[in-house]
Amino acid sequence: MPTPQGSLATSDAAAAQLLEAARQAQGDLTRLHDVSVSYDGDWLSGLVNRVQPVLVDDQFRKRSQERLLLKAEGQFLTAQTHIGSGGRKVVLRTRETVSVAYNGKESTDPETLASAALVADAYRLFLLGPAFLAERGAIVKAAPMVKIDGQTCDQFLAILKPGIGGDAEDRVLVAVDRDDRRVRRYRMTLEALDSTKGAVVDVIPGDYVRIEGVWWPTAFYEELIRPFPAAVHRWRLTGIDVNRGLNAAMFDKREGFSGPATRPAGAVHPSSPAAPVPTP
């Protein structure tokens, strides 16, 4: 990860302009009250599972239904229901708190809670991209240009305080395609866990589709860069819809979703406008 020059308290003008260009290219998320998504994926490395079994949690983190309340409405919540061979895992993540329940039983294990917070924050970043960084008030610094799969990308380093999962700080090197201003790579630290301190991973979003006026990545690939190279995880966005009128009362730390939140995320027509925000 590059070491930024100058003060860490303020953003570089060039980097701030690049972040804003990426956010504008992404589409207008201010019209969105809530987002419902589903994922399915596969773990690619048994070695990573042995090194970081709690974070990988491969008996539960196979398929998921996830619901996001957006800060634009004064709420910040990520709710996840993971399904795997071990059963069901429910995660509720606010800016300050996290809860985890396995098959209806809450966990108090510190590493389990910290891992769940890290995953919830990271998945919010991967889905919302530039909007997440703006939402979190990231300090951004200019970084060198890079080529990714033959495409020229401009880069900025985003400094997040608190970091992903709630540690004091994380750094995310964001590569933005020079032509369409979509994010092509996140290179990031994961400092929230003892087992991941010092690690650096690449996450490659791709197969963007325009849904509800926003460009969403639908394919994701994760690769460990440091301390050793390894393919880690590949997953896909399998469903998405917005503006159900969800609120925090629809999520239970043991049982997961209720009311309108329970319906599985469904694909919408790529050209359809965002549904209006329902009146509470």
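The values are calculated or read from the model by the stated rules, or taken from the named source; none is laboratory data. Model, not experiment: these values are computed from the prediction. Every residue, glycine among them, receives a Cβ derived from its backbone with ideal geometry; neighbour counts consider all protein chains shown. These area figures cover heavy atoms from the full protein model, side chains too; ligands, DNA and RNA do not enter into them. Shrake-Rupley method; radii C 1.70, N 1.55, O 1.52, S 1.80 Å.
Values computed for the structure shown
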| item | result |
| --- | --- |
| Length added when fully stretched, ALA231-ALA249, from 0.36 nm per residue minus Cα-Cα | 2.7 nm |
| Sequence-separation-based contact order of region 24-92, relative, with Cα cut under 8 Å and 6+ spacing, percent | 29 |
| Region 1-69: C-alpha gyration tensor shape, a/c 1.5 cut-off, then a/b vs b/c | oblate |
| Estimated vicinal HN-Hα couplings, Hz - region 252-265 in sequence order (Karplus 6.51, -1.76, 1.60; Gly, Pro = x) | 10, 5, 9, 9, x, 8, 9, x, x, 6, 6, 4, x, 4 |
| Shape of region 141-249, Cα gyration tensor, a/c cut at 1.5 | oblate |
| Inter-label distance, nm, simple model (7 Å from Cα along the C-beta direction), ASP194/ARG263 | 4.6 |
| Candidate aspartates and glutamates for bridging to LYS141, where Cα separation is under 19 Å - those fewer than 8 sequence places away on the same chain excluded | ASP12, GLU20, ASP154, GLU169, ASP170, ASP177, ASP202 |
| Förster radius 22 Å - calculated FRET efficiency between ASP42 and GLU169, Cβ distance, rounded to 0.05 | 0.10 |
| Region 136-280 - percent relative contact order, Cα under 8 Å, separation 6 or more | 14 |
| Dipole moment magnitude, nearest 20 debye, the chain about Cα centre, only Lys, Arg, Asp, Glu C-beta charged | 200 |
| Hypothetical label at ASP149: residues of region 175-215 whose amide nitrogen lies under 13 Å (7 Å Cα-Cβ projection) | 177, 182-186, 203-209 |
| Gaussian network model of the chain, Cα within-10 Å springs - most flexible of VAL172, VAL100, VAL209 | VAL209 |
| Derived scalar couplings ³J(HN,Hα) [region 27-43; Karplus, 6.51 cos²θ - 1.76 cosθ + 1.60; whole Hz; x for Gly, Pro] | x, 8, 7, 5, 7, 9, 8, 8, 10, 10, 9, 9, 9, 9, x, 9, 7 |
| Those GluC sites (Glu not before Pro) in region 38-141 that DSSP places in a loop and that have at most 11 other beta carbons within 10 Å | GLU96 |
| Region 13-25 - phi-based ³J(HN,Hα) in whole Hz, Karplus 6.51/-1.76/1.60, Gly and Pro as x | 4, 5, 5, 4, 5, 5, 4, 5, 5, 5, 5, 5, 5 |
| Value of Rg to Rh for the chain (Rh from inverse mean 1/r over Cα pairs, i.e. Kirkwood) | 0.94 |
| Accessible surface, 1.4 Å probe, highest first, among residues SER85, SER36 | SER85, SER36 |
| Sorted peptide list for 232-244, 136-148, criterion being average Cβ within 10 angstrom, highest first | 232-244, 136-148 |
| Carbon/sulfur fraction of accessible area - region 154-218, other protein chains in place, 1.4 Å, % | 44 |
| Value of relative contact order over the chain, rounded to a whole percent, pairs C-alpha under 8 Å and six or more apart | 22 |
| For region 16-171: accessible area per residue (Å², 1.4 Å) | 39 |
| Accessible-area order (highest first, 1.4 angstrom probe) of the listed residues SER38, SER195 | SER195, SER38 |
| Residue order for THR108, THR196 - accessible surface, 1.4 angstrom probe, largest first | THR108, THR196 |
